[in-house]
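The values are calculated or read from the model by the stated rules, or taken from the named source; none is laboratory data. Predicted model, so just to flag it, every value in this text is computed and none were measured. So basically every Cβ, Gly included, is an ideal-geometry build from the backbone, and we count neighbours across all protein chains shown. Side chains included, ligands, DNA and RNA excluded: accessible areas come from the protein's heavy atoms. Shrake-Rupley method; radii C 1.70, N 1.55, O 1.52, S 1.80 Å.
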Amino acid sequence: MPKQPIAVELEAINREGETQVVRDSGLTVQGYSVYLRAVEASGLALATWVADYATIGPAYQLAERLSLALAIPLTILVPEPPMPVKREPAATAGAITTGS
């Protein structure tokens, strides 16, 4: 059955014992996971793991890119707000010259 993506999720995780989502529970954040949330034609909701990261920067970049590419919302489930990703200005392909 085809699946319809509905959201990208970024979660803070703790790996002590069973892996748990960290929100405001007081658990230590030990990494970040990115999931793609989808709904099957039958209405069954699924979450597909995409990647794990040790820090929020790369996890946020991937989640943001997936959200934009698929035109679906990004849900961030972390106890601290993510820092905006600084992007370097795009380099020009060649020197700009003017005629005299």
Residue order for Val21, Val78 - accessible surface, 1.4 angstrom probe, largest first: Val21, Val78
Accessible heavy-atom area order of Glu9, Glu16, highest first, probe of 1.4 Å: Glu16, Glu9
Rough spin-label spacing in nm, given labels placed 7 Å along Cα→Cβ, for Glu16 and Ala47: 2.1
Sequence of Thr75, Thr48 when ordered by accessible area, the most exposed leading, probe 1.4 angstrom: Thr48, Thr75
Packing-based order for 26-32, 58-64, using average beta carbon neighbours within 10 Å, highest first: 58-64, 26-32
